[in-house]
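Please read the structure below before turning to the comments.
Computed from the coordinates by the stated procedures, all read-outs in this text should not be read as laboratory data. From a predicted model like this one, the values you see are computed outputs, not experimental measurements. Please note: Cβ atoms are built from the backbone with ideal geometry, for glycine as well, and neighbour counts cover all protein chains shown.
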Amino acid sequence: MKKYEIMFIVKPTNESDEIKKNAEAMKKVITDNKGKVVEFNELGEKKLAYSIKKEISGYYYVMVVEAQNETIKELDRKASINENILRHLIIKLDEE
């Protein structure tokens, strides 16, 4: 399994329960596809550098995962179609 760092921004106009539910859904994609969430950090609400989908702030989350390529592709697909995820970024970490 390869190590990845995933950052995503959740739309802040939702209620706090809905924001947490979206973050848990992203974690669930990894665990359901035989991946492992090594680290999960909620960075809180931050102002965006520019508006995205007419939003000026968002809730930032960062997680480090160990997963196969297929799992990461599935997460990328789900994040792309989830209208509550403003942006996401997947970075493959170097092997040590």
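Annotation: Arg87 fulfils all but one of (1) touching a residue at least 12 places away in the same chain (Cβ under 8 Å); (2) within 19 Å of Met1 (Cβ to Cβ); the unmet one is (2).
Taking (1) out of contact with any strand residue (DSSP E or B) (no Cβ under 7 Å at 6 or more places or on another chain); (2) surrounded by 11 or more Cβ atoms within 10 Å (Cβ to Cβ) in turn, Asp94 satisfies each apart from (2). Taken over region 36-52, the residue count meeting the criterion of being surrounded by 13 or more Cβ atoms within 10 Å (Cβ to Cβ) and either of a type in the set (D, E, K, R) or more than 14 Å from the chain's Cα centre (by Cα) (or both) is 5.
Filtering region 62-85 to residues that are under 23 Å from Glu45 (Cβ atoms), loosely packed, with under 13 Cβ neighbours inside 10 Å and charged (D, E, K, R) leaves only Glu83.
Within region 1-19, the set of residues being closer than 25 Å to Ile52 by Cα, loosely packed, with under 15 Cβ neighbours inside 10 Å and of a type outside the set (S, T, N, Q) comprises Glu15, Asp17, Glu18.
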